[in-house]
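Peer 1: Let me give you the structure first, and then I'll get to my questions.
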Amino acid sequence: MTIRGLDSPAKPQTWLGESGIVYHDLNGFSHLTIDLVRFMHNARRRVAGRRRLPVLMLAQDILTVDFEVQLFASHPDLLRSTSALAVVGNSFMLRHLTSMFLSYHAPAYPVQRFDLRDDAENWLAGIIDQAQQG
């Protein structure tokens, strides 16, 4: 399943985990468009409000990303509502895309890519713990 924009009936799933992590499941999506990212941002606001929380993107199938998506990562709404971003996926393309994004458009919040969801959740849990102590 691929999607360009939001014409497809398939939509990414978004939920708020018990630990305070917002999840976006992009399983089956190969192209990350600005429309798709805006859809996820609106879904996130529905499940988490405007609270500043960490985000975990399950993005193992992503092969291409619109340029505007990289810029949107530093949008003031995202800067206010995102404490960290973990991207999960181990393909060569996702590794390359994440590296390029961090080299040229890294937002003010920490971003890391992980091969495994458990590793990403542990990293984000550490960020939650730091925020609660600080």
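Peer 1: Given (1) more than 22 Å from Gln130 (Cβ to Cβ); (2) over 12 Å from the mean Cα position of the chain (by Cα); (3) among the small types (Gly, Ala, Ser), identify the lone condition not met by Ser74.
Peer 2: (1)
Peer 1: Does the stretch 80-89 include one or more residues that are among the β-branched types (Val, Ile, Thr), surrounded by 15 or more Cβ atoms within 10 Å (Cβ to Cβ) and in a helix (DSSP H, G or I)?
Peer 2: No, the stretch 80-89 contains no residue that is among the β-branched types (Val, Ile, Thr), surrounded by 15 or more Cβ atoms within 10 Å (Cβ to Cβ) and in a helix (DSSP H, G or I).
Every residue, every condition in (1) surrounded by 13 or more Cβ atoms within 10 Å (Cβ to Cβ); (2) modelled with pLDDT under 95; (3) assigned to a helix (DSSP H, G or I); (4) not small (Gly, Ala, Ser), yes or no:
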residue: Met40; (1), (2), (3), (4): yes, no, yes, yes
residue: Ala43; (1), (2), (3), (4): yes, no, yes, no
residue: Arg50; (1), (2), (3), (4): no, yes, no, yes
residue: Val55; (1), (2), (3), (4): yes, no, no, yes
residue: Ser74; (1), (2), (3), (4): yes, yes, no, no
residue: Leu78; (1), (2), (3), (4): yes, yes, yes, yes
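Peer 1: Here is a follow-up. Would you point out the residue of the stretch 107-129, among those that are within 18 Å of Leu79 (Cα to Cα) and more than 13 Å from the chain's Cα centre (by Cα), that is surrounded by the most Cβ atoms within 10 Å (Cβ to Cβ)?
Peer 2: Checked the stretch 107-129; the qualifying residue surrounded by the most Cβ atoms within 10 Å (Cβ to Cβ) is Ile127.
The values are calculated or read from the model by the stated rules, or taken from the named source; none is laboratory data. Computed from a predicted structure; not experimentally measured. Cβ atoms come from the backbone with ideal geometry, glycine included; neighbour counts cover every protein chain shown.
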